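Asker: Before anything else, here's the structure in question.
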Amino acid sequence: MSAFPQTPHFTGLNRPLTEEYDLDDLVVEGTIPAEVEGTFFRAVPNPTFAPFIEDPAIALSPDGMVAAIRFRSGKVSAAIRYVDTPRHLAEKAAGRALFGKYRNPYTDQPEVAGYDRATVNTTPVFHGGRLLMTKEDSLAYQVDPETLATVGRFDFGGRLKSQTFTAHTRIDGKTGEMFFFGYEAQGLATRAVSYGYADKAGNLVREQMFEAPYAAMMHDFTVTENYALFPVYPTKTDLARLKAGGDHWIHDQEEHSWLGVMPRYGDVSEMKWFKGPKGVYSFHMFGAFEDADGNLHMDQCIGNSALFYFIREASGIFMHDREVGHRVERWTVRWEGAAEVQTTVAGPPGDFPVIPAAQQGYAYDHAWMLTFNPQRAVPPVVGGVGNALFDTLLRIDFTGKPPQAFTLPPNGGFNEPVHVPSREPGHEGWLLAVADFELSPDSSEHACLIFNAGDLAAGPVAKVILPRRQRPQIHGCWVSAEKLATAK
Ligand code: V55
Ligand code: FE
(Lines give C-alpha, C1' and ligand atoms only; values in the text may rest on other atoms or scores of the structure.)
(Ligands and ions follow the chains in the order given, each with its own letter.)
Protein backbone atom coordinates (compact mmCIF):
# COMPACT_ATOMS: atom_id res chain seq x y z
CA MET A 1 0.00 0.00 0.00
CA SER A 2 1.47 3.35 -0.97
CA ALA A 3 1.83 6.06 1.67
CA PHE A 4 -0.71 8.86 1.98
CA PRO A 5 0.50 12.31 0.91
CA GLN A 6 1.62 14.30 3.96
CA THR A 7 -0.89 17.07 3.28
CA PRO A 8 -3.60 18.45 5.59
CA HIS A 9 -6.16 16.20 3.83
CA PHE A 10 -4.44 13.08 5.20
CA THR A 11 -2.69 14.19 8.41
CA GLY A 12 -3.68 15.36 11.91
CA LEU A 13 -7.42 14.94 12.54
CA ASN A 14 -7.76 14.01 8.85
CA ARG A 15 -5.39 11.04 9.05
CA PRO A 16 -7.10 7.88 7.82
CA LEU A 17 -8.87 5.55 10.22
CA THR A 18 -7.81 1.93 9.83
CA GLU A 19 -10.58 0.09 11.67
CA GLU A 20 -14.32 -0.48 11.95
CA TYR A 21 -15.56 -1.00 15.51
CA ASP A 22 -18.39 -1.43 18.03
CA LEU A 23 -18.04 -0.08 21.58
CA ASP A 24 -20.46 -0.54 24.48
CA ASP A 25 -20.98 1.21 27.82
CA LEU A 26 -19.30 4.50 27.04
CA VAL A 27 -18.32 6.75 29.94
CA VAL A 28 -20.72 9.66 30.46
CA GLU A 29 -19.99 12.82 32.44
CA GLY A 30 -23.10 14.71 33.57
CA THR A 31 -26.65 13.49 32.97
CA ILE A 32 -28.12 12.46 29.64
CA PRO A 33 -31.61 13.99 29.31
CA ALA A 34 -34.30 11.27 29.28
CA GLU A 35 -35.58 12.66 25.95
CA VAL A 36 -32.28 11.78 24.27
CA GLU A 37 -33.32 8.22 23.37
CA GLY A 38 -32.37 7.08 19.87
CA THR A 39 -29.37 7.15 17.54
CA PHE A 40 -27.15 9.93 16.23
CA PHE A 41 -25.94 8.82 12.78
CA ARG A 42 -22.96 10.60 11.21
CA ALA A 43 -21.38 10.50 7.74
CA VAL A 44 -17.62 10.37 8.29
CA PRO A 45 -15.73 9.98 4.97
CA ASN A 46 -12.48 8.03 5.26
CA PRO A 47 -9.77 7.55 2.63
CA THR A 48 -8.91 3.85 2.49
CA PHE A 49 -6.04 4.03 -0.01
CA ALA A 50 -3.65 6.74 -1.11
CA PRO A 51 -4.74 8.50 -4.31
CA PHE A 52 -2.77 7.70 -7.50
CA ILE A 53 -3.50 11.03 -9.15
CA GLU A 54 -3.32 14.69 -8.12
CA ASP A 55 -6.78 16.08 -7.45
CA PRO A 56 -7.54 19.48 -5.92
CA ALA A 57 -10.96 18.19 -4.80
CA ILE A 58 -9.61 14.99 -3.21
CA ALA A 59 -11.21 16.01 0.11
CA LEU A 60 -14.67 15.27 -1.37
CA SER A 61 -13.80 11.71 -2.47
CA PRO A 62 -13.13 9.53 0.60
CA ASP A 63 -15.13 6.33 1.04
CA GLY A 64 -18.38 6.67 2.94
CA MET A 65 -18.34 5.49 6.54
CA VAL A 66 -21.29 5.71 8.87
CA ALA A 67 -20.79 6.30 12.59
CA ALA A 68 -23.57 5.69 15.10
CA ILE A 69 -23.86 6.90 18.72
CA ARG A 70 -26.75 5.06 20.35
CA PHE A 71 -28.61 6.24 23.45
CA ARG A 72 -30.65 3.52 25.18
CA SER A 73 -32.03 4.00 28.70
CA GLY A 74 -29.03 6.01 29.85
CA LYS A 75 -26.46 3.67 28.23
CA VAL A 76 -24.45 4.81 25.24
CA SER A 77 -22.73 2.72 22.57
CA ALA A 78 -20.85 3.67 19.41
CA ALA A 79 -20.02 2.00 16.11
CA ILE A 80 -18.38 2.86 12.82
CA ARG A 81 -18.57 0.94 9.51
CA TYR A 82 -17.82 1.41 5.86
CA VAL A 83 -20.68 1.55 3.45
CA ASP A 84 -19.85 -1.45 1.27
CA THR A 85 -20.28 0.25 -2.09
CA PRO A 86 -18.99 -1.58 -5.20
CA ARG A 87 -16.25 1.05 -5.33
CA HIS A 88 -15.06 0.40 -1.77
CA LEU A 89 -15.24 -3.39 -2.23
CA ALA A 90 -13.28 -3.23 -5.52
CA GLU A 91 -10.52 -1.13 -3.98
CA LYS A 92 -10.42 -3.31 -0.86
CA ALA A 93 -10.02 -6.41 -3.04
CA ALA A 94 -7.29 -4.74 -5.12
CA GLY A 95 -5.52 -3.30 -2.06
CA ARG A 96 -5.10 0.06 -3.76
CA ALA A 97 -7.03 3.02 -5.16
CA LEU A 98 -8.69 2.38 -8.53
CA PHE A 99 -10.84 5.50 -8.87
CA GLY A 100 -9.20 8.77 -9.89
CA LYS A 101 -10.39 12.34 -9.52
CA TYR A 102 -13.61 13.56 -7.89
CA ARG A 103 -16.50 12.87 -10.29
CA ASN A 104 -14.24 12.19 -13.25
CA PRO A 105 -14.48 8.56 -14.44
CA TYR A 106 -12.09 9.38 -17.31
CA THR A 107 -9.30 9.34 -14.72
CA ASP A 108 -10.10 5.85 -13.34
CA GLN A 109 -8.05 2.67 -13.76
CA PRO A 110 -9.28 0.69 -16.79
CA GLU A 111 -10.42 -2.31 -14.70
CA VAL A 112 -13.22 -0.24 -13.11
CA ALA A 113 -14.57 1.30 -16.32
CA GLY A 114 -18.36 1.54 -16.08
CA TYR A 115 -18.39 0.94 -12.29
CA ASP A 116 -20.76 2.71 -9.91
CA ARG A 117 -18.46 5.41 -8.47
CA ALA A 118 -20.72 6.02 -5.43
CA THR A 119 -19.07 6.77 -2.10
CA VAL A 120 -22.27 8.04 -0.36
CA ASN A 121 -20.07 9.92 2.10
CA THR A 122 -22.14 13.03 2.87
CA THR A 123 -25.45 12.62 4.77
CA PRO A 124 -27.36 9.87 6.60
CA VAL A 125 -31.13 10.26 6.04
CA PHE A 126 -33.86 8.29 7.81
CA HIS A 127 -37.23 8.21 6.07
CA GLY A 128 -40.04 5.70 5.67
CA GLY A 129 -38.21 3.21 7.91
CA ARG A 130 -35.03 3.30 5.78
CA LEU A 131 -31.60 4.61 6.67
CA LEU A 132 -30.00 5.99 3.50
CA MET A 133 -26.43 7.11 3.02
CA THR A 134 -26.28 9.81 0.39
CA LYS A 135 -23.97 11.93 -1.75
CA GLU A 136 -25.05 14.15 -4.58
CA ASP A 137 -23.04 12.41 -7.32
CA SER A 138 -24.79 9.01 -7.14
CA LEU A 139 -27.87 7.18 -5.94
CA ALA A 140 -28.22 6.53 -2.22
CA TYR A 141 -27.29 3.29 -0.46
CA GLN A 142 -29.53 1.75 2.18
CA VAL A 143 -27.87 0.71 5.43
CA ASP A 144 -29.26 -1.35 8.33
CA PRO A 145 -29.61 1.13 11.23
CA GLU A 146 -28.96 -1.60 13.82
CA THR A 147 -25.90 -3.38 12.36
CA LEU A 148 -24.78 -0.64 9.91
CA ALA A 149 -24.48 -3.43 7.31
CA THR A 150 -25.03 -2.28 3.73
CA VAL A 151 -28.34 -3.39 2.20
CA GLY A 152 -27.65 -2.07 -1.30
CA ARG A 153 -28.22 0.70 -3.79
CA PHE A 154 -31.54 2.50 -3.31
CA ASP A 155 -33.75 3.57 -6.23
CA PHE A 156 -37.29 3.14 -4.83
CA GLY A 157 -37.46 -0.41 -6.13
CA GLY A 158 -36.27 0.52 -9.62
CA ARG A 159 -38.74 3.39 -9.99
CA LEU A 160 -36.31 6.34 -9.78
CA LYS A 161 -35.16 7.61 -13.19
CA SER A 162 -32.49 9.97 -11.91
CA GLN A 163 -28.85 8.82 -11.84
CA THR A 164 -28.25 10.97 -8.75
CA PHE A 165 -29.92 11.68 -5.41
CA THR A 166 -29.11 14.73 -3.29
CA ALA A 167 -27.42 14.64 0.12
CA HIS A 168 -29.99 17.29 1.17
CA THR A 169 -33.54 16.00 1.15
CA ARG A 170 -36.24 17.98 2.98
CA ILE A 171 -38.71 16.10 5.17
CA ASP A 172 -41.85 18.18 5.74
CA GLY A 173 -42.36 18.78 9.48
CA LYS A 174 -46.12 18.23 9.29
CA THR A 175 -46.81 15.76 6.46
CA GLY A 176 -43.66 13.61 6.82
CA GLU A 177 -43.23 13.60 3.03
CA MET A 178 -39.63 13.56 1.79
CA PHE A 179 -38.86 16.02 -1.02
CA PHE A 180 -35.64 15.48 -2.95
CA PHE A 181 -33.81 16.28 -6.17
CA GLY A 182 -30.79 15.08 -8.12
CA TYR A 183 -28.61 17.10 -10.49
CA GLU A 184 -26.52 15.86 -13.43
CA ALA A 185 -29.50 13.52 -13.33
CA GLN A 186 -29.07 12.17 -16.87
CA GLY A 187 -25.31 11.73 -16.76
CA LEU A 188 -22.11 13.64 -16.21
CA ALA A 189 -22.33 17.39 -16.83
CA THR A 190 -25.97 17.24 -17.98
CA ARG A 191 -28.25 20.14 -17.05
CA ALA A 192 -31.00 17.67 -16.16
CA VAL A 193 -32.36 17.95 -12.62
CA SER A 194 -34.74 15.39 -11.16
CA TYR A 195 -37.33 16.57 -8.61
CA GLY A 196 -39.47 14.15 -6.66
CA TYR A 197 -41.13 13.30 -3.41
CA ALA A 198 -42.03 10.23 -1.37
CA ASP A 199 -44.94 9.84 1.01
CA LYS A 200 -44.46 9.46 4.76
CA ALA A 201 -44.10 5.67 4.39
CA GLY A 202 -41.27 6.06 1.88
CA ASN A 203 -43.16 5.30 -1.35
CA LEU A 204 -42.15 7.35 -4.39
CA VAL A 205 -45.14 9.49 -5.41
CA ARG A 206 -43.77 11.47 -8.35
CA GLU A 207 -40.52 12.28 -10.12
CA GLN A 208 -40.07 14.88 -12.87
CA MET A 209 -37.11 16.27 -14.79
CA PHE A 210 -36.27 19.89 -15.55
CA GLU A 211 -33.23 21.76 -16.91
CA ALA A 212 -31.07 24.04 -14.77
CA PRO A 213 -29.79 27.31 -16.33
CA TYR A 214 -26.32 25.67 -16.46
CA ALA A 215 -24.76 22.45 -15.11
CA ALA A 216 -23.95 23.53 -11.56
CA MET A 217 -23.16 22.09 -8.14
CA MET A 218 -26.67 22.12 -6.64
CA HIS A 219 -25.86 21.00 -3.12
CA ASP A 220 -29.08 21.81 -1.24
CA PHE A 221 -32.63 23.08 -1.83
CA THR A 222 -35.69 24.01 0.22
CA VAL A 223 -39.44 23.56 0.35
CA THR A 224 -42.19 25.69 1.86
CA GLU A 225 -45.73 24.52 2.52
CA ASN A 226 -46.64 25.15 -1.15
CA TYR A 227 -43.42 25.64 -3.14
CA ALA A 228 -40.11 23.96 -3.96
CA LEU A 229 -37.10 26.30 -4.30
CA PHE A 230 -34.00 25.31 -6.29
CA PRO A 231 -30.99 27.63 -5.83
CA VAL A 232 -28.34 27.47 -8.58
CA TYR A 233 -24.92 29.09 -7.98
CA PRO A 234 -22.18 29.36 -10.60
CA THR A 235 -19.85 26.48 -9.68
CA LYS A 236 -20.00 24.74 -13.05
CA THR A 237 -18.98 21.53 -14.75
CA ASP A 238 -18.19 20.74 -18.36
CA LEU A 239 -17.97 17.39 -20.19
CA ALA A 240 -15.06 18.36 -22.47
CA ARG A 241 -13.02 19.34 -19.41
CA LEU A 242 -13.82 16.02 -17.74
CA LYS A 243 -12.88 14.04 -20.86
CA ALA A 244 -9.54 15.87 -20.86
CA GLY A 245 -8.96 14.63 -17.30
CA GLY A 246 -9.76 18.01 -15.74
CA ASP A 247 -11.55 19.09 -12.58
CA HIS A 248 -15.28 18.66 -12.13
CA TRP A 249 -15.86 22.14 -10.73
CA ILE A 250 -14.78 25.60 -11.90
CA HIS A 251 -16.39 28.59 -10.22
CA ASP A 252 -17.52 31.36 -12.61
CA GLN A 253 -17.31 34.64 -10.69
CA GLU A 254 -19.08 36.56 -13.50
CA GLU A 255 -22.12 34.30 -13.79
CA HIS A 256 -25.46 34.99 -12.09
CA SER A 257 -27.02 32.76 -9.48
CA TRP A 258 -30.67 31.76 -9.94
CA LEU A 259 -33.57 30.60 -7.80
CA GLY A 260 -36.02 28.25 -9.52
CA VAL A 261 -39.43 28.20 -7.80
CA MET A 262 -42.39 25.92 -8.56
CA PRO A 263 -45.48 24.71 -6.70
CA ARG A 264 -44.16 21.75 -4.71
CA TYR A 265 -46.91 19.40 -5.88
CA GLY A 266 -47.03 21.09 -9.30
CA ASP A 267 -45.54 20.47 -12.69
CA VAL A 268 -41.97 21.46 -13.60
CA SER A 269 -43.45 23.41 -16.55
CA GLU A 270 -44.65 25.91 -13.91
CA MET A 271 -41.07 26.71 -12.79
CA LYS A 272 -40.21 30.43 -12.56
CA TRP A 273 -36.57 31.50 -12.49
CA PHE A 274 -35.60 34.47 -10.30
CA LYS A 275 -32.21 36.09 -10.95
CA GLY A 276 -29.75 36.28 -8.03
CA PRO A 277 -26.39 38.02 -7.47
CA LYS A 278 -23.26 37.17 -9.52
CA GLY A 279 -20.51 34.86 -8.31
CA VAL A 280 -22.01 33.82 -4.94
CA TYR A 281 -22.14 30.29 -3.52
CA SER A 282 -24.05 28.58 -0.73
CA PHE A 283 -23.86 24.93 0.29
CA HIS A 284 -26.63 25.07 2.87
CA MET A 285 -29.98 26.66 3.50
CA PHE A 286 -31.64 26.80 6.94
CA GLY A 287 -35.07 26.38 5.36
CA ALA A 288 -37.73 28.44 3.65
CA PHE A 289 -41.23 29.62 4.47
CA GLU A 290 -44.15 31.71 3.23
CA ASP A 291 -45.25 34.81 5.12
CA ALA A 292 -48.78 36.24 5.44
CA ASP A 293 -48.10 38.72 2.59
CA GLY A 294 -47.29 36.00 0.05
CA ASN A 295 -43.50 36.39 0.17
CA LEU A 296 -41.19 33.35 0.07
CA HIS A 297 -38.14 33.64 2.32
CA MET A 298 -35.08 31.38 2.21
CA ASP A 299 -32.16 31.71 4.66
CA GLN A 300 -28.73 30.42 3.73
CA CYS A 301 -25.02 30.45 4.65
CA ILE A 302 -23.51 32.23 1.65
CA GLY A 303 -20.27 33.83 0.43
CA ASN A 304 -19.13 35.89 -2.55
CA SER A 305 -17.22 33.05 -4.25
CA ALA A 306 -16.81 29.27 -4.09
CA LEU A 307 -16.59 28.40 -0.39
CA PHE A 308 -13.90 25.70 -0.65
CA TYR A 309 -10.47 27.25 -1.20
CA PHE A 310 -9.51 24.31 -3.45
CA ILE A 311 -12.38 25.07 -5.86
CA ARG A 312 -11.42 28.78 -5.90
CA GLU A 313 -7.77 27.85 -6.60
CA ALA A 314 -8.73 25.44 -9.40
CA SER A 315 -10.80 28.30 -10.86
CA GLY A 316 -7.94 30.82 -10.75
CA ILE A 317 -9.68 32.84 -8.04
CA PHE A 318 -7.10 33.88 -5.48
CA MET A 319 -9.23 34.98 -2.57
CA HIS A 320 -8.40 34.24 1.06
CA ASP A 321 -11.20 32.81 3.23
CA ARG A 322 -11.35 36.20 5.03
CA GLU A 323 -12.23 37.93 1.73
CA VAL A 324 -15.14 35.64 0.81
CA GLY A 325 -17.67 37.61 2.85
CA HIS A 326 -19.40 34.66 4.56
CA ARG A 327 -22.78 35.55 6.09
CA VAL A 328 -26.31 34.35 6.64
CA GLU A 329 -28.45 35.91 3.93
CA ARG A 330 -32.20 35.88 3.40
CA TRP A 331 -33.47 35.66 -0.19
CA THR A 332 -37.03 36.83 -0.73
CA VAL A 333 -39.21 36.43 -3.83
CA ARG A 334 -42.91 36.63 -4.63
CA TRP A 335 -44.50 34.07 -6.92
CA GLU A 336 -46.32 36.89 -8.77
CA GLY A 337 -43.53 39.43 -8.21
CA ALA A 338 -40.34 40.79 -9.79
CA ALA A 339 -37.98 38.34 -11.51
CA GLU A 340 -35.06 39.09 -9.17
CA VAL A 341 -34.33 37.91 -5.64
CA GLN A 342 -34.15 40.49 -2.84
CA THR A 343 -31.27 39.89 -0.45
CA THR A 344 -30.98 40.85 3.25
CA VAL A 345 -28.10 40.01 5.59
CA ALA A 346 -29.60 37.92 8.40
CA GLY A 347 -26.69 36.57 10.44
CA PRO A 348 -22.94 36.04 10.94
CA PRO A 349 -20.40 33.94 8.99
CA GLY A 350 -20.60 30.18 9.51
CA ASP A 351 -22.21 27.03 8.17
CA PHE A 352 -24.10 23.82 9.08
CA PRO A 353 -27.46 25.49 9.75
CA VAL A 354 -30.06 23.46 11.67
CA ILE A 355 -33.76 24.27 12.27
CA PRO A 356 -36.14 22.12 14.36
CA ALA A 357 -37.37 19.21 12.20
CA ALA A 358 -40.98 20.13 13.00
CA GLN A 359 -40.49 23.55 11.31
CA GLN A 360 -39.23 22.11 8.01
CA GLY A 361 -41.31 23.84 5.33
CA TYR A 362 -42.76 26.34 7.83
CA ALA A 363 -41.69 29.54 9.59
CA TYR A 364 -38.93 29.22 12.21
CA ASP A 365 -37.85 32.01 14.55
CA HIS A 366 -34.53 30.55 15.69
CA ALA A 367 -31.90 28.12 14.47
CA TRP A 368 -28.46 26.77 15.27
CA MET A 369 -25.23 26.82 13.26
CA LEU A 370 -21.45 26.59 13.61
CA THR A 371 -19.18 29.60 13.48
CA PHE A 372 -15.76 30.91 14.52
CA ASN A 373 -15.51 32.95 17.69
CA PRO A 374 -14.47 36.38 16.34
CA GLN A 375 -12.63 37.12 19.63
CA ARG A 376 -10.25 34.20 19.19
CA ALA A 377 -6.78 35.02 17.85
CA VAL A 378 -5.42 31.47 17.31
CA PRO A 379 -5.96 29.78 13.94
CA PRO A 380 -8.72 27.14 13.70
CA VAL A 381 -7.99 23.44 14.25
CA VAL A 382 -7.13 21.78 10.93
CA GLY A 383 -9.64 19.09 9.98
CA GLY A 384 -12.57 18.21 7.76
CA VAL A 385 -13.10 18.95 4.07
CA GLY A 386 -12.21 22.65 4.36
CA ASN A 387 -9.23 21.99 6.68
CA ALA A 388 -10.63 24.36 9.32
CA LEU A 389 -13.02 23.25 12.07
CA PHE A 390 -15.53 25.69 13.58
CA ASP A 391 -14.90 26.36 17.29
CA THR A 392 -18.34 27.72 18.23
CA LEU A 393 -21.92 26.46 18.41
CA LEU A 394 -24.36 29.33 17.92
CA ARG A 395 -28.08 29.88 18.40
CA ILE A 396 -29.33 32.64 16.11
CA ASP A 397 -32.66 34.34 16.53
CA PHE A 398 -34.53 35.76 13.55
CA THR A 399 -36.76 37.92 15.77
CA GLY A 400 -33.88 40.17 16.77
CA LYS A 401 -32.90 38.63 20.13
CA PRO A 402 -29.11 38.45 20.69
CA PRO A 403 -27.28 35.26 19.66
CA GLN A 404 -26.13 32.66 22.20
CA ALA A 405 -22.86 30.80 21.82
CA PHE A 406 -20.58 28.14 23.25
CA THR A 407 -16.90 28.10 22.22
CA LEU A 408 -14.59 25.08 22.62
CA PRO A 409 -11.02 25.31 23.94
CA PRO A 410 -8.47 26.35 21.27
CA ASN A 411 -7.58 22.73 20.32
CA GLY A 412 -11.23 21.76 19.70
CA GLY A 413 -13.54 21.77 16.69
CA PHE A 414 -17.26 21.11 16.33
CA ASN A 415 -18.96 18.85 13.83
CA GLU A 416 -22.51 19.63 12.67
CA PRO A 417 -25.03 19.34 15.54
CA VAL A 418 -28.30 17.43 15.44
CA HIS A 419 -31.44 18.65 17.20
CA VAL A 420 -33.53 16.45 19.51
CA PRO A 421 -36.98 17.95 20.15
CA SER A 422 -38.44 18.18 23.65
CA ARG A 423 -42.02 17.28 24.57
CA GLU A 424 -42.01 19.95 27.29
CA PRO A 425 -43.88 23.07 26.09
CA GLY A 426 -41.53 26.04 25.65
CA HIS A 427 -38.40 23.85 25.90
CA GLU A 428 -36.19 24.18 22.80
CA GLY A 429 -34.92 20.63 23.05
CA TRP A 430 -31.34 19.36 22.93
CA LEU A 431 -28.39 19.67 20.61
CA LEU A 432 -25.87 16.84 20.18
CA ALA A 433 -22.54 17.54 18.52
CA VAL A 434 -19.27 15.63 18.33
CA ALA A 435 -16.24 17.70 19.25
CA ASP A 436 -12.77 16.69 18.04
CA PHE A 437 -9.76 17.81 20.10
CA GLU A 438 -6.27 17.76 18.64
CA LEU A 439 -3.65 16.70 21.19
CA SER A 440 -0.65 16.26 18.88
CA PRO A 441 -0.16 15.67 15.13
CA ASP A 442 -1.06 12.00 15.60
CA SER A 443 -3.34 11.91 18.63
CA SER A 444 -6.77 13.29 19.40
CA GLU A 445 -9.71 13.06 21.79
CA HIS A 446 -13.38 12.97 20.85
CA ALA A 447 -16.62 13.48 22.73
CA CYS A 448 -20.31 13.82 22.01
CA LEU A 449 -21.52 16.95 23.82
CA ILE A 450 -25.18 17.44 24.73
CA PHE A 451 -26.54 20.97 25.19
CA ASN A 452 -29.84 22.46 26.23
CA ALA A 453 -30.64 23.98 22.82
CA GLY A 454 -32.12 27.09 24.42
CA ASP A 455 -29.17 27.69 26.77
CA LEU A 456 -25.90 27.07 24.94
CA ALA A 457 -23.93 29.48 27.11
CA ALA A 458 -24.48 27.17 30.12
CA GLY A 459 -22.20 24.62 28.44
CA PRO A 460 -22.90 20.93 27.88
CA VAL A 461 -25.29 19.16 30.26
CA ALA A 462 -23.59 15.86 29.40
CA LYS A 463 -20.45 14.64 27.69
CA VAL A 464 -20.08 11.15 26.23
CA ILE A 465 -16.44 10.13 25.92
CA LEU A 466 -15.75 8.49 22.55
CA PRO A 467 -12.71 6.41 23.45
CA ARG A 468 -11.55 5.56 19.91
CA ARG A 469 -10.63 7.85 17.08
CA GLN A 470 -13.38 9.41 15.03
CA ARG A 471 -13.23 10.92 11.55
CA PRO A 472 -14.33 14.49 10.78
CA GLN A 473 -18.04 14.42 9.95
CA ILE A 474 -19.89 15.95 7.03
CA HIS A 475 -23.57 15.76 8.07
CA GLY A 476 -25.52 13.86 10.72
CA CYS A 477 -29.09 12.96 11.60
CA TRP A 478 -31.00 12.14 14.76
CA VAL A 479 -33.39 9.17 14.72
CA SER A 480 -35.57 8.73 17.80
CA ALA A 481 -36.07 5.26 19.33
CA GLU A 482 -39.69 5.50 18.23
CA LYS A 483 -38.68 6.00 14.59
CA LEU A 484 -35.97 3.34 14.78
CA ALA A 485 -38.70 0.86 15.73
CA THR A 486 -40.23 1.43 12.26
CA ALA A 487 -37.04 0.33 10.46
CA LYS A 488 -37.61 -1.94 7.44
C1 V55 B 1 -19.80 18.93 -0.02
C2 V55 B 1 -19.34 17.71 0.43
C3 V55 B 1 -19.22 16.67 -0.46
C4 V55 B 1 -19.55 16.87 -1.80
C5 V55 B 1 -20.00 18.08 -2.24
O6 V55 B 1 -19.73 19.92 2.10
C7 V55 B 1 -20.11 19.12 -1.34
C8 V55 B 1 -19.96 20.04 0.91
C9 V55 B 1 -18.31 15.21 1.17
O10 V55 B 1 -18.78 15.42 -0.12
O11 V55 B 1 -19.39 15.83 -2.65
FE1 FE C 1 -24.09 19.56 2.78
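Asker: Calculate, in nm to one decimal, what residue 205 and residue 378 gain on full extension: separation in residues at 0.36 nm each, minus their alpha carbon distance.
Answerer: Length gained, residue 205 through residue 378: 57.2 nm.
Asker: What does the net charge come to around residue 214 if you take all other residues with beta carbon closer than 14 Å to its beta carbon, with K and R at +1 and D and E at -1?
Answerer: On the way: positive: 191, 236, 241, 275, 278; negative: 184, 211, 238, 252, 254, 255.
Taking every other residue near residue 214 into account, the sum is -1.
Asker: Let me ask you something else. Run the quick spin-label model on residue 90 and residue 342: label points 7 Å from Cα toward the beta carbon, then report their separation in nm to one decimal.
Answerer: 5.1
Asker: Using the Karplus curve 6.51 cos²θ - 1.76 cosθ + 1.60 with θ = phi - 60°, what ³J(HN,Hα) values do you get for each residue of segment 167-181, in whole Hz, with x for Gly and Pro?
Answerer: With coefficients 6.51, -1.76 and 1.60, one gets 8, 10, 7, 10, 9, 4, x, 9, 8, x, 5, 9, 9, 8, 8 Hz.
Asker: For segment 231-351, restrict the atom set to alpha-carbon positions and state the Rg and Dmax in Å.
Answerer: Considering segment 231-351 through its Cα atoms, Rg and Dmax are 15.7, 51 Å.
Asker: Only helical DSSP H runs with n ≥ 4 go in: add -39500 (n - 2.57) per run for the chain, normalise by residue count and round the 222 nm mean residue ellipticity to 500 deg cm²/dmol.
Answerer: -1000 deg cm²/dmol
Asker: If I stretch the segment between residue 483 and residue 149 completely, what's the gain in nm (0.36 nm per residue apart, minus their alpha carbon distance), one decimal?
Answerer: Net length gain for the segment: 118.4 nm.
Asker: Further, regarding this structure: In whole Å, what are the Cα extents of segment 124-252 along the three principal axes, biggest one first?
Answerer: Sorted largest first, the three principal extents are 42, 36, 22 Å.
Asker: Hey, any idea what Rg/Rh is for segment 145-190, computing Rh the Kirkwood way over Cα pairs?
Answerer: 1.04
Asker: Taking a threshold of 28 Å on the Cα-Cα distance, which of the pairs 101/488; 243/272; 161/488; 135/483; 135/463; 75/200 fall above it?
Answerer: From the list (101/488; 243/272; 161/488; 135/483; 135/463; 75/200), the Cα-Cα distance tops 28 Å for 101/488; 243/272; 135/463; 75/200.
Asker: How long are the semi-axes of the ellipsoid equivalent to the chain, from square roots of 5 times the Cα gyration tensor eigenvalues, in whole Å, largest first?
Answerer: Those come to 29, 28, 24 Å.
Asker: So who's got an amide H within less than 5 Å of the one on residue 255, skipping anything under 5 residues away but keeping other chains? H placed 1.01 Å off N, in plane.
Answerer: The list, which skips near neighbours in sequence, is 279.
Asker: In segment 131-282, what percent of the accessible surface is made up of carbon and sulfur (1.4 Å probe, ligands and nucleic acids excluded)?
Answerer: Summing carbon and sulfur atoms, their accessible area is 47 percent of the total for segment 131-282.
Asker: Another question, then. So between residue 363 and residue 295, what do we pick up on full extension, going 0.36 nm a residue minus the alpha carbon distance?
Answerer: Extra length available between residue 363 and residue 295 comes to 23.3 nm.
Asker: Here is a further query. So for the pair residue 24, residue 397, with labels modelled 7 Å out along Cα→Cβ, what separation do we get in nm?
Answerer: Taking the simple label geometry, residue 24 and residue 397 are separated by 4.5 nm.
Asker: Tally Lys/Arg at +1 and Asp/Glu at -1 over every other residue whose Cβ is under 11 Å from the Cβ of residue 364; what's the total?
Answerer: Surrounding charge for residue 364 is -3.
The values are calculated or read from the model by the stated rules, or taken from the named source; none is laboratory data. Computed from a predicted structure; not experimentally measured. All Cβ positions, even for glycine, are placed from backbone atoms using ideal geometry, and neighbour counts span all protein chains on display. For the accessible areas, the whole protein counts, side chains as well, though only heavy atoms, and no ligand, DNA or RNA atoms are used. Shrake-Rupley method; radii C 1.70, N 1.55, O 1.52, S 1.80 Å.
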